[in-house]
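Notes follow the structure.
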Amino acid sequence: MICVRVVELSKEIDLALRRREELRELSDKFIRDWFELKKRAMLAVEEEKRRVPKSMFASNPKLSAFTEEDR
């Protein structure tokens, strides 16, 4: 009986180790994807700032808070 239980526990440990490795891989992928999305968002914001005409900053009170450095 003890040998059977040891074998069962060994299988459970192996399964848990495989799941842990899968979760680690998913976590690494999530982090890589998150940084890639953050980089894309920052580039999109910079591109949008370049597209907005300077006259909009002067005439729109909501945008006038931005300085030239922000653009």
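Miscellaneous remarks
- Evaluation of Glu69 against (1) modelled with pLDDT under 95; (2) in a helix (DSSP H, G or I); (3) acidic (Asp, Glu) (one fails), failing number: (2)
Yes or no, residue by residue, for (1) among the hydrophobic types (A, V, I, L, M, F, W, C); (2) more than 16 Å from the chain's Cα centre (by Cα); (3) modelled with pLDDT of 95 or more:
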{"site": "Ile13", "(1), (2), (3)": "yes, yes, yes"}
{"site": "Arg20", "(1), (2), (3)": "no, yes, yes"}
{"site": "Leu26", "(1), (2), (3)": "yes, no, yes"}
{"site": "Ile31", "(1), (2), (3)": "yes, no, yes"}
{"site": "Arg50", "(1), (2), (3)": "no, yes, no"}
{"site": "Ser55", "(1), (2), (3)": "no, yes, no"}
{"site": "Ala58", "(1), (2), (3)": "yes, yes, no"}
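The values are calculated or read from the model by the stated rules, or taken from the named source; none is laboratory data. Everything numeric here is computed off the predicted structure, so don't read it as measured data.
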